Amino acid sequence: MTAQQQAGHDDGSTPRHRPRTTAFLLAQVGAHAAARFAERISELGVIPADAGLLRMIATQPGRSQQSLAEELGVVPSRVVALVDNLERKGLIERRRNPQDRRNYALHLTTEGTHVMTEMRGIGSAHEDDICAALDDTQRARLAALLEAIAAQQGLTPGVHPGYQQRPR
């Protein structure tokens, strides 16, 4: 390696800037992974926000919009808009809650169940692709380290903080 290369210059005149901080790398890989996931699920007619809500409803069928709002950390009106969108797409349905007729219970439709099944396959392939440079032990260690960071930062497990941003 030449002295210029060691000094961070490609051709002797232009500095080469390559941020190497952990936070930057997390942001870089996270943004890349999110964009690739959005591309992959777009073939199903859904966006990542849809995917997250569908997963939450699939894992707890019959849950209320209020419980979604609480778990996501957003105002209920934000959830109403997200749920309306999923209902328009034919992926979920609102049913009157038999215990409290003022509330709706959320359920996947047959199409919503199909989309969830397809998304699970896409998600698994996506993770394999993103983590292809790691062996199983490294993947498990990385997941544990990221979980520790997320917990220390007070992030809700399984909930993307993007839900808390205002819609555009």
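The values are calculated or read from the model by the stated rules, or taken from the named source; none is laboratory data. Please read all numbers here as calculations on a predicted model, not as lab measurements. Virtual Cβ from ideal backbone geometry, glycine too; neighbours counted across all protein chains shown. The accessibility values were calculated without ligands, DNA or RNA, using every heavy atom of the protein model including side chains. Shrake-Rupley method; radii C 1.70, N 1.55, O 1.52, S 1.80 Å.
At a glance:
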item: Of all accessible heavy-atom area on the chain, the percent that carbon and sulfur account for (1.4 Å); result: 53 percent
item: Cα-based helix-to-principal-axis angle, 22-42 vs the chain, degrees rounded to 10; result: 50 degrees
item: 222 nm mean residue ellipticity, helices alone, for the chain (DSSP H n ≥ 4; -39,500 (n - 2.57); rounded to 500); result: -18500 deg cm²/dmol
item: Residue-normalised accessible area of the chain, given per residue in Å² at a 1.4 Å probe; result: 67 Å²
item: Around Ile41: net Lys/Arg minus Asp/Glu count, Cβ-Cβ under 9 Å; result: -3
item: Alpha-carbon centroid distance for the pair segment 91-168 / segment 38-63, whole angstrom; result: 7 Å
item: In degrees, nearest ten, helix 76-88 long axis to first principal axis of the chain (Cα); result: 80 degrees
item: Furthest towards positive pole of dipole, Phe24, Ala105, Tyr163, structure part the chain, Cβ charges; result: Ala105
